[in-house]
Structures are given as C-alpha cells and as structure tokens.
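S.K.: One structure, as structure tokens, below. Some questions next.
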Amino acid sequence: MARRAQPVSSVIWAGVAVAALVLALTLGTLAAVFWRAETLSALGPADWAAVRFTAMQALLSAALSVALAVPVARALARRRFPGRGLLITLLGAPFILPVIVAVLGLLAVFGRSGLVSDALVWAGFDPLNIYGLTGVVLAHVFFNLPLATRLILQGWLSIPAERFRLAASLGFAPGDIARVLERPMLRAVLPGAFVVIFVICTTSFAVALTLGGGPRATTVELAIYQAFRFEFDLSRAALLSTVQFAMSAVAAGLALWVAVPAMTGAGLDRLVERWDARGAALRAQDALWLLAVALFLLTPLGMVVLGGLRGLADLPVSVLQAALRSVLVSLGSALLMLCLALPMALAVVRLGHGLASNLLEGVGALAIAASSLVIGTGLFILIFPIADPQALALPVTALVNAVMSLPFALRALIPALRDIEGAYGRLADSLDMRGWVRVRLLLLPRLRRPLGFALGLAAALSMGDLGVIALFADPQEATLPLQLYRLMSAYRMEQAAGAALLLLGLSLGLFWLFDRGGRLRADT
Amino acid sequence: MLILEKLVIGHEGFELRADLSIAPGARVAVIGPSGAGKSTLLDAIAGFLPPKSGRVIFQGRDLGPLAPGERPVSMLFQDNNLFPHLSAAQNVALGLRPNLRLSKAEWQAVEACLDHVGLAGFGARKPGALSGGQRSRVALARVLLRDRPLMLLDEPFSALGPALKAEMLALVRELAVETGATLLMVTHDPGDAVMIGDQTVLVAEGQVHAPVETGELFSDPPEALRAYLG
C-alpha cells in the first residue's frame with residue numbers, strides 16, 4: 001500500500017521497543033539467572049523427579065481433558081436445550097477463575113472432608129486423598145476440560161451444515177457420520193487442543209503449590225520456587241529455570257508443528273441440525289455427559305459460594321487490605337498490558353504480512369510458554385543489587401502479570417485492528433489521519449470491544465495470580481490470592497472460604513466491568 | 001489539467017495502461033466491464049496504489065511522491081465513507097483537520113456544508129442514526145468542505161435505489177460545477193454517465209481509453225464498449 005513510501009514510522013519503532021522489553025523480560029531474565037548462578041551442577045535425582053512429574057501430569061491432564069471433551073462437545077454441538085448458551089459461557093469462565101479459588105472448591109468436593117469423601121465414609125469406605133498427582137491432574141482437568149470442549153466444539157461447528165444434510169438424505173447412521181465427517185475433523189483438531197493444554201500444564205505453579213508438593217508431586221516450577229524461597233540456592237534455581245525453559249521450548253515447538261487451533265470464541269451459539277441423532281439412547285447419552293460436566297464445573301464453585309457466605313461477614317482486616325492491594329495490582333497490570341499490547345499490535349498490523357510482523361507477533365506469544373517463576377527469579381536477581389525486591393513486590397507482580405496476559409490481548413487486538421484498517425484505513429489515509437490522531441480518532445474508538453475484553457482478561461488474570469508474588473512478597477504485603485493461600489496453609493478454613501468468595505467476586509467483577517465497558521455504546 | 005503520462009498500473013497479476021489527459025473542470029464518467037480496472041485506476045490517482053511506471057500529473061505537479069492525504073484529491077469509496085463512531089459533523093470536520101481541533105469559525109463552516117447538502121441540524125447524529133441517502137450527503141458535505149480540485153468517486157451510490165441515486169448524482173454535479181473541481185466517477189451504468197456530465201472514459205482490455213464526449217460515445221460505441229453494453 002501507499003504507506004510503504006513513508007519512512008519507517010514511529011508506530012513501528014514503538015512496537016519494536018516494546019517487543020524488545022518483552023524479550024528482555026522473558027529471555028533476558030533467564031540470562032540473568034544464568035549469570036548469577038556461579039556453577040551449574042548436574043541435575044540431581046530430585047530434579048529429575050520434578051521433570052518426570054511435570055511431564056507426566058501434563059500428559060495425563062491433556063489426555064484426560066481432551067478425551068472427556070469429545071463427548072461433551074459432541075453433545076453441545078447437536079443438542080438444543082434451555083441453558084445451552086449459559087453452559088457455553090460457563091465453559092469460558094475457568095479462564096478468568098483464580099486457580100486458588102478453584103482449588104478450594106475442588107477440595108470442598110473431592111478433599112478429605114469434602115462432599116464425595118463424606119458420602120464414601122457414610123457408605124463405609126475410606127475418604128479420598130487427592131493431594132499429589134491425583135489432585136494436580138484433577139485441578140488441571142477442571143481448568144482445561146472447558147477449554148478443550150470449546151476448541152473441539154469449534155471443530156464440530158466448522159463442519160458445514162450442508163454435509164450433515166447430505167448425510168441425512170443418504171440415510172447415514174450415527175456411526176457413518178462419525179466415520180465420514182466427525183473423525184476427520186477430530187484428527188485435525190485434537191492434536192492442537194492436546195498440545196495447548198500440555199503447554200499450559202507444564203508451567204503450572206499454583207496448582208502444584210496447593211495440591212502437590214513433596215518429593216513425588218513437585219513440578220519444575222514448584223522446585224524453582226522452593227530452591228529460591230527456602231534454600232536461596234540460585235544455581236539450582238538457575239538450572240531448574242533452564243530445564244523449565246527447555247521444556248517450554250519443546251512444547252512450543254510442538255505447538256508450532258501441529259497447528260494450534262485459534263480461539264475465536266465467536267459463533268459457538270450455532271447449532272448443528274442432526275437428523276441421525278434423534279434416538280432415545282443417544283439423547284440420554286448426551287444428556288448424561290452434559291449433566292456430568294455441568295456438575296463437575298459447578299459443584300466446586302457452588303461450594304466456594306456456599307462456604308464463603310458464612311466467612312464473608314467477619315473477614316480479618318488483613319484480608320481486606322490484601323484485597324485492596326490486589327485490586328490496585330490488577331488495575332495497574334491491566335494498564336501496563338495496554339501499554340505493551342497496543343504498540344505491538346499497531347506495529348504488527350502496520351508491518352503487514354511478512355517476516356517482521358510474524359517475528360513481532362512471535363515475541364508477543366512467547367509469554368504463553370514463558371514461566372512467571374523464571375521471570376520472577378531473574379527480576380529478583382536484577383533488582384537485588386539496586387533495591388529491596390520485597391519493596392517492589394507489587395509493581396513487579398503487576399508487570400509480570402501484564403506480560404503473561406499479553407498473548408491473549410494480542411490475539412484479541414491484532415485481528416480487530418486488521419479489520420479496522422481493512423474497512424477504514426483508506427478513508428483515514430485519504431483524510432491524512434496519521435500517527436496519534438489516527439490512533440485517537442479511528443483505532444481506539446473502534447477497538448473498544450476487544451480492548452475491554454483484553455483489559456478485563458488482564459485484570460482478572462492478575463487479580464487471581466499466585467505466581468511471582470509468592471517469590472517476592474514479604475508477609476505484610478500479600479495480595480489476596482497469597483493471603484488466601486496462607487489462610488489455607490494455617491487451616492483457617494472458614495476465613496479462607498470467605499476470602500475465596502471475595503477473590504472470586506473481585507475477579508469476575510473486574511472482568512465484567514471492563515468487558516461491559518467495551519460493549520456499552522459501541523457504535524457498529 | 002490531469003495528465004496520466006504513460007501510466008502502467010499492475011495489481012495482482014493484471015496490468016492497466018493509461019496515457020491521456022483530462023481538461024480542468026471536466027466531469028468524466030469512468031465506465032467498463034467489472035474487473036477491467038476502473039477502481040484500480042482511481043486508486044492509482046488517489047495514491048493508494050504506486051504505479052509500475054509512468055506519472056500522474058495534476059496542474060503541472062507530479063503527484064508521485066505525495067501520500068494519499070497530501071494529494072489534491074477528495075475521494076468517495078464504495079462503502080465505509082464515514083466513521084460510525086463519530087458524529088456527522090465530526091465526519092465532515094475531518095475533511096478540514098484530521099485531528100478534529102477546529103476553531104469556532106471552522107465549525108460554522110462544517111455546519112454550512114451540512115446545510116448545503118440538506119442536512120441542517122443533523123450534525124450531532126451518528127451514521128447509524130442516518131438513512132443511506134443521508135450518509136451519502138454527509139460524505140458529500142465533507143467533499144464540499146475539503147474543496148480539493150480533484151474529486152474521485154468510486155461507485156459510492158451503488159447501494160442506493162434509483163431515485164435516491166439520481167438525487168445524489170445531481171448533487172455531485174452541482175458541487176463539481178460550484179467548486180470547479182475535476183470529477184472522475186466510476187460507474188457501470190451508462191445512465192449515470194449521461195447524468196454526470198460531459199465526457200466518458202472507457203476502461204477495457206487492460207487499456208484506459210482517452211475521454212470522449214459521452215453522447216458521441218453511446219451513439220456510436222466502439223467494439224469494446226459494444227461488448228459491454230450487449
């Protein structure tokens with residue numbers, strides 16, 4: 001287009017500068033860890049155990065999530081029922097659900113004194129013990145089964161309705177449809193869904209911290225935390241950071257190789273008309289799956305709400321202070337995310353399609369595989385000589401959280417920006433709207449919806465994050481998730497339940513506020 | 001005078017040649033089969049598409065180095081001529097200052113232009129609250145306000161009904177006469193060509209033909225035009 005005649009614009013420089021900052025935070029911090037680790041020892045037996053456990057739990061979590069998601073997605077694709085839209089929305093919720101809240105809910109259902117254990121004891125069996133591999137995998141499935149379901153549902157809905165109509169006119173039985181239409185689709189979609197979930201589970205920290213632990217259930221991330229926080233053994237932390245980075249790199253390489261499905265989230269309310277699946281047995285089967293998944297997702301959340309209502313009345317002041325800190329951190333993090341995402345998205349779109357734009361986008365996506373613990377360790381090392389890291393705990397948390405939500409923000413902003421430039425770019429060019437004027441008068445107003453969504457996501461993710469803050473925080477400056485973890489560790493369960501409900505409300509509330517703000521009065 | 005000097009425009013595997021001049025103040029219809037390159041020709045003049053070779057010269061000045069917004073051109077596209085999040089008055093005002101920082105007198109000029117196209121009092125409305133015809137009028141008010149000597153219209157009224165389209169063409173003709181601007185309008189309807197004015201340029205088979213009097217052209221159409229008219 002005509003813009004190529006212009007010199008490399010300030011928009012591109014700003015984007016490149018931000019990308020360099022993101023690169024420094026993700027890869028630079030790893031270098032800092034290396035630099036500080038004087039000698040790199042070999043991996044000890046405990047380290048190998050952590051590597052094995054990380055890989056094993058990620059494999060199991062991904063396999064289970066994907067396997068269970070197939071029948072659920074199939075049922076959602078071919079059944080119309082009241083509450084279908086609500087269930088699909090609910091499937092998006094775990095994304096902004098604080099991990100520690102979900103863990104508390106899962107404990108209330110599957111824990112030693114949870115609902116299921118109570119029933120087992122009543123029937124004369126032993127109560128469940130979910131600490132360890134079981135609990136880690138359970139929590140990961142809780143978080144990723146909905147994601148897998150949405151990805152696979154997208155696959156189902158991508159099969160043109162005409163094919164099902166043709167199949168019906170040819171008298172296909174459900175088995176024929178599965179062979180001719182559904183299995184080819186699943187073969188294309190499942191590897192991508194599996195890899196995405198595998199990648200997410202390899203960088204799991206909060207789940208392992210709360211439900212794992214001990215020599216037999218420690219992830220590499222947790223091992224970094226322990227080496228750093230309890231032993232202050234930087235060379236071991238560095239070594240483990242390298243291992244974590246290598247695992248992430250391998251997983252990310254896999255993701256590039258299998259073509260990860262894009263999460264559009266749009267159009268999931270469509271329904272596939274199915275003439276073959278009207279039999280009573282298939283209907284009962286679908287109903288059972290939907291009921292099971294709804295119960296699996298809703299019961300823990302219901303328990304958090306029920307248990308929390310009692311504790312909410314007399315929350316200790318420390319929890320309220322932590323909540324205030326968390327709100328500030330999350331708002332700051334959302335703002336920082338905007339300062340990172342907007343210049344990068346603008347530069348990516350301005351560069352058009354090509355190597356430079358792909359590279360920039362790749363840097364933004366790096367944080368998906370990056371580990372917040374590695375970033376945190378590196379920042380601690382860098383800050384330590386010049387300032388008190390504990391004093392900077394909250395700003396650092398906000399910054400790291402902003403980087404972690406960057407990939408999702410870019411996923412929302414870049415396609416939207418491309419659409420705006422496609423529809424209005426030439427008009428803006430012909431009116432000589434350039435630089436900041438173009439951003440202020442054209443791009444920002446038309447980006448309201450994706451911006452609101454991205455800000456809401458960043459705020460909610462930061463609100464519920466229990467990662468970097470655990471490395472840095474001193475006891476007086478905890479965020480709400482950290483304070484909640486402390487209450488749980490001290491077995492003050494009633495207060496913990498109240499704090500969990502507060503955290504849940506704040507996370508969902510912040511997301512709702514931003515997302516809603518983006519939709520209000522958005523002229524289309 | 002608008003001169004297309006040995007202009008060669010290439011776009012996704014096809015090539016269009018133009019070597020002609022258009023008199024100042026002429027109102028010219030650009031006609032031809034779809035896919036012949038009518039819009040491509042306008043894009044090249046407006047600066048959206050750099051030519052492979054040749055020059056676009058207007059009033060003795062080579063437009064080549066100028067970005068689209070710097071050219072002496074007002075352009076109306078097929079769609080998306082207004083920003084839906086800005087009011088009618090703001091959309092018009094962009095024609096004067098892209099940053100929307102207008103003085104009081106300039107805002108009055110905006111109002112006067114809206115008044116001129118029959119939209120007095122509609123300034124505060126957003127495009128979503130206007131009819132298709134009214135939206136076209138807002139876009140024309142901006143063309144009037146910009147007062148650039150070259151008006152390029154790329155079938156901006158093709159979504160309107162016949163009566164409304166005739167009304168808009170009359171308004172365009174009036175504005176062009178009033179401002180003395182040179183007008184190039186892409187259309188696929190010979191009726192439009194007659195309505196807009198003097199001359200017609202035929203774009204067919206990779207060639208932009210020199211302008212001819214519209215009446216003459218249609219009374220004795222050349223081979224390429226005959227094939228198009230059927």
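S.K.: So if R0 is 56 Å, what FRET efficiency would residue A:298 and residue A:384 give, r being the distance between their Cβ atoms, rounded to the nearest 0.05?
M.R.: Working: r = 45 Å, r/R0 = 0.80.
That pair, residue A:298 with residue A:384, gives E of 0.80.
S.K.: In terms of modelled amide H atoms, which long-range or inter-chain residues lie less than 5 Å from the amide H of residue B:198?
M.R.: Residues meeting the criterion, in which the H sits 1.01 Å from N, are B:27.
S.K.: Calculate for the protein assembly as shown the 222 nm mean residue ellipticity that helices alone would give, adding -39,500 (n - 2.57) per DSSP H run of length 4 or more and normalising by residue count, nearest 500 deg cm²/dmol.
M.R.: Details: 31 runs with 461 residues, N = 754.
Only helices count here, giving -20000 deg cm²/dmol.
S.K.: What list of ³J(HN,Hα) couplings, whole Hz, do you get for the range A:216-221 from phi and the Karplus terms 6.51, -1.76, 1.60, once you set θ to phi - 60° and write x for glycine and proline?
M.R.: Running phi through 6.51 cos²θ - 1.76 cosθ + 1.60 with θ = phi - 60° gives 9, 9, 10, 7, 4, 4 Hz.
S.K.: Taking the Cα centre of the range B:76-230 as the origin and placing charges on Cβ (Lys, Arg +1; Asp, Glu -1), which of B:131, B:187, B:214 is farthest toward the positive end of the dipole?
M.R.: B:131
S.K.: Enumerate the amide H contacts of residue A:130 below 5 Å, restricted to partners 5 or more residues apart or on another chain; note that Pro and chain-start residues carry no placed amide H.
M.R.: The answer is A:112.
S.K.: Another question, then. Of the listed pairs B:6/B:38; B:104/B:165; B:126/B:165; B:104/B:126, which have alpha-carbon separations greater than 24 Å here? Don't jump to the answer; show the numbers that get you there.
M.R.: Numbers: B:6/B:38 17 Å; B:104/B:165 34 Å; B:126/B:165 22 Å; B:104/B:126 21 Å.
Pairs exceeding 24 Å: B:104/B:165.
S.K.: Run the quick spin-label model on residue B:11 and residue A:170: label points 7 Å from Cα toward the beta carbon, then report their separation in nm to one decimal.
M.R.: 4.2 nm
S.K.: May I ask you to rank A:257, A:436, A:275 by accessible area, largest first, using a 1.4 Å probe over the protein chains only?
M.R.: On the way: A:257 200, A:436 165, A:275 105 Å².
Most to least solvent-accessible, the answer reads A:257, A:436, A:275.
S.K.: Roughly what would the spin-label model give for residue B:61 and residue A:179, points 7 Å off Cα along C-beta, in nm?
M.R.: 7.3 nm
S.K.: Here's another thing I want to ask about it. How much of the pair distance distribution for the range A:314-524 lies past 30 Å, counting alpha-carbon pairs only, in percent? Walk me through the numbers before you get to the answer.
M.R.: Working: 6944 of 22155 pairs.
Every Cα pair in the range A:314-524 considered, those over 30 Å come to 31 percent.
S.K.: Could you tell me how far the Cα centroid of the range A:453-504 sits from the Cα centroid of the range B:98-128, in Å?
M.R.: Each part's Cα centre sits 52 Å from the other's.
S.K.: Using alpha carbon centroids, what distance separates the range B:131-172 and the range A:46-98, in Å?
M.R.: Using only Cα atoms to place each centre, the spacing works out to 54 Å.
S.K.: Taking H placed 1.01 Å from N in the peptide plane, check which residues at least 5 places from residue B:153 or on another chain put their amide H under 5 Å from its amide H.
M.R.: Counting only residues 5 or more places away or on other chains, the set is B:76, B:184, B:185, B:186.
S.K.: I've got another one for you. Report ³J(HN,Hα) in whole Hz for each residue of the range B:132-145, in order, from the Karplus equation J = 6.51 cos²θ - 1.76 cosθ + 1.60 where θ = phi - 60°; Gly and Pro get x.
M.R.: 3J(HN,Hα) across the range B:132-145, in whole Hz: x, x, 5, 5, 4, 5, 4, 4, 5, 4, 5, 4, 4, 5.
S.K.: While we're looking at this one, here's another question. Provide the FRET efficiency to the nearest 0.05 for the residue B:158-residue A:46 pair, computing r from the beta carbons and using R0 = 51 Å. Each step should come with its number before you reach the end.
M.R.: On the way: r = 72 Å, r/R0 = 1.42.
Computed FRET efficiency for residue B:158 and residue A:46: 0.10.
S.K.: If you take the beta carbon distance between residue A:313 and residue A:512 as r and set R0 to 25 Å, what does 1/(1 + (r/R0)^6) give as a FRET efficiency, to the nearest 0.05?
M.R.: On the way: r = 24 Å, r/R0 = 0.95.
The value I calculate is 0.55.
S.K.: Using a cut-off of 20 Å between alpha-carbon atoms, which aspartates and glutamates can reach residue B:52, once sequence neighbours fewer than 8 places away in the same chain are excluded?
M.R.: The reachable aspartates and glutamates, counting only those whose Cα sits under 20 Å from residue B:52, are B:5, B:12, B:15, B:19, B:43, B:62, B:205.
S.K.: Can you compute the modelled spin-label distance between residue A:232 and residue A:115, with each label point 7 Å from Cα toward Cβ, in nm?
M.R.: My value for the distance between the label points is 4.6 nm.
S.K.: Answer rounded, prolate or oblate for the protein assembly as shown, using the Cα gyration tensor with square roots of eigenvalues a ≥ b ≥ c: rounded when a/c is under 1.5, else prolate when a/b is larger than b/c, else oblate.
M.R.: Values: a/c = 2.37, a/b = 1.91, b/c = 1.24.
Note, shape of the protein assembly as shown comes out prolate.
The values are calculated or read from the model by the stated rules, or taken from the named source; none is laboratory data. Here the structure is a predicted model, which is why all the values come from computation and not from measurement. So basically every Cβ, Gly included, is an ideal-geometry build from the backbone, and we count neighbours across all protein chains shown. Surface accessibility is based on the protein's heavy atoms, side chains included, excluding ligands, DNA and RNA. Shrake-Rupley method; radii C 1.70, N 1.55, O 1.52, S 1.80 Å.
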